[in-house]
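Before any comments, here is the structure.
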Amino acid sequence: MSTPAVPSVLFVCVHNAGRSQMAAAFLTRLGGDRVEVRSAGSAPAETVNPAVVEAMAEVGIDLSAETPKVLTVEAVRASDVVITMGCGDACPFFPGKQYLDWKLDDPAGQGVDAVRPIRDEIETRIRGLLADLGIQPEARA
């Protein structure tokens, strides 16, 4: 499968309040304008998890203005790569898309100490994803 000029990646988790928000933020920072980034949840929460906001602030990424978004068929259709994080069968399937399922602990109800290792694992996976897409990460990370 050939990679489009600007690949589009969609991150999906249940509440779009933790893992998918962190992944989208890291990909936006490290991929810059060389990748299109979306995130959504199958049952979005009201707000982004405060411990996630705090953990990301520690690495210089501000999620305080982000809001969870509902997963739509259009978002999946418009994406080249769909990465799920514990949403099970809630994500619609379209042939020709690349689907990845990242097994990550859920930060819901966790404190910032529990969120940090999840954050760091997501950053590592994002760097691997960029390499798979043939995109060199931005220098500042």
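The values are calculated or read from the model by the stated rules, or taken from the named source; none is laboratory data. Worth saying up front: this structure is predicted, and the values here are computed from it rather than measured. As a convention, Cβ positions derive from the backbone with ideal geometry for all residues, glycine included, and neighbour counts pool all protein chains shown. For accessibility, only protein heavy atoms count, side chains too; no ligands or nucleic acids. Shrake-Rupley method; radii C 1.70, N 1.55, O 1.52, S 1.80 Å.
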query = Has segment 61-74 got at least one residue that is closer than 19 Å to His15 by Cα, free of Cβ contacts under 8 Å to residues at least 40 places away in the same chain and crowded, with 19+ Cβ neighbours inside 10 Å?
reply = no
inquiry  = Can you find a residue that is touching a Lys or Arg at 6+ places or on another chain (Cβ under 9 Å) and open to solvent by 50 Å² or more (accessible area, probe 1.4 Å) anywhere in segment 88-96?
reply    = no
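Is it the case that Arg38 is assigned to a helix (DSSP H, G or I), open to solvent by 20 Å² or more (accessible area, probe 1.4 Å) and either of a type in the set (D, E, K, R) or at pLDDT 95 or above (or both)? I'd like the intermediate steps shown before the answer.
Numbers: assigned to a helix (DSSP H, G or I): no; open to solvent by 20 Å² or more (accessible area, probe 1.4 Å): yes; either of a type in the set (D, E, K, R) or at pLDDT 95 or above (or both): yes.
No: the conditions fail for Arg38.
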note = Note on Gly41: of the conditions (1) within 13 Å of the chain's Cα centre (by Cα); (2) in contact (Cβ under 8 Å) with a residue 60 or more places away in the chain, unmet is (2)
note = Per the filter on segment 41-52, residues buried (at least 23 other Cβ atoms within 10 Å of the Cβ) and either closer than 19 Å to Gln98 by Cα or in contact with a Lys or Arg (Cβ under 9 Å, 6 or more places away or on another chain) (or both) are Gly41, Val52
inquiry  = Could you check segment 11-35 and list, in sequence order, the residues that are more than 16 Å from Ile122 (Cα to Cα), in a loop (DSSP other than H, G, I, E, B) and not β-branched (Val, Ile, Thr)?
reply    = His15
